[in-house]
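Below is one structure; the comments refer to it alone.
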Amino acid sequence: MELIPSFSVDHTRIIPGIYESRVDTINDAVVTTFDVRMKTPNAEPAIAPAAMHTIEHVVATYLRNNPAWKDKLIYWGPMGCLTGFYIIVKGRPAASEMYPILLEAFRHMSEYEGEVPGATPKNCGNYLMHDLPMAKWEAKRYVEYLMNADKEKIFEYPQTERLTVEGNQSFFDS
């Protein structure tokens, strides 16, 4: 079988950043998936599952309540490798255009106080697996990184022999 695009990126060369992962056309609508990479794969510890879960809840709630982004957001969720998140949005903004809202969302996460949104047995399938202090620490670290990072390097995957999906066909089109 052919590797899917996200597995065909050379993970030994990825640094934290915000990368366009794929662009799909569904009927006449364009949607873009971004790799919101918080950790250097295979070179630093992954994010603890409970912290990842908390970041997912708080940032998803923030984005879905943001007046400028709530109607553009399709999906926000964790990578299985626990090194970052995927965000899928309507349209085709550049990775650099995602920077302000993601910086804002992670800043919100780093300063968040109170109950984790949706962390109840009725609202969440694993409501006990949350770690707000560690989620805040990870978010603060990522905010500091994004603010100080070389903007020439954090918006484009490092040059690799990346496989492409011909014609940006998605599984919805097959």
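All of the numbers you see were taken from the coordinates with simple rules; none came from a lab. Computed from a predicted structure; not experimentally measured. Glycine gets a Cβ as well: all are built from the backbone with ideal geometry, and neighbour counts include every protein chain shown.
Counting 0.36 nm for each residue step from Thr12 to Ser96 and taking away their Cα separation leaves a gain of 28.0 nm. Cross-link partners of Lys140 among aspartates and glutamates, defined as those whose alpha carbon lies under 20 angstrom from its own and excluding same-chain residues fewer than eight positions apart: Asp35, Glu44, Glu56, Glu104, Glu111, Glu113, Glu115, Asp131, Asp150. Here Lys136 is the anchor, and the lysines within straight C-alpha reach of less than 16 Å, apart from those fewer than 8 places off in the same chain, are Lys39.
Normalising the average separation of contacting C-alpha pairs (under 8 angstrom, six or more residues apart) by the number of residues puts the relative contact order of region 8-151 at 26 percent. Straight-distance candidates among the lysines for linking to Lys72, with alpha-carbon spacing under 18 Å and chain neighbours fewer than 8 residues away dropped: Lys90.
Between Glu113 and Tyr145, the contour length at 0.36 nm per residue exceeds the alpha carbon distance by 9.3 nm. The loop-placed GluC sites (Glu not before Pro) in region 123-155, going by DSSP, that have at most 12 neighbouring Cβ atoms within 10 Å of their Cβ come out as Glu152.
Ranked highest first by average number of other Cβ atoms within 10 Å, how do 54-60, 29-35 line up?
Going by the mean number of other Cβ atoms within 10 Å, highest first, we get 54-60, 29-35.
Shown here for region 17-112: trypsin sites (Lys or Arg not before Pro) in loop regions (DSSP other than H, G, I, E, B) with at most 11 other Cβ atoms within 10 Å, namely Lys70.
What are the GluC sites (Glu not before Pro) within region 76-113 that DSSP puts in a loop, where the Cβ has at most 11 other Cβ atoms within 10 Å? Please report the intermediate quantities before stating the final value.
Values: sites: Glu97, Glu104, Glu111, Glu113; in loops: Glu113.
The qualifying sites are Glu113.
Only DSSP H runs of four or more residues enter the estimate; each adds -39500 (n - 2.57), and after division by the residues of the chain the mean residue ellipticity at 222 nm equals -10000 deg cm²/dmol.
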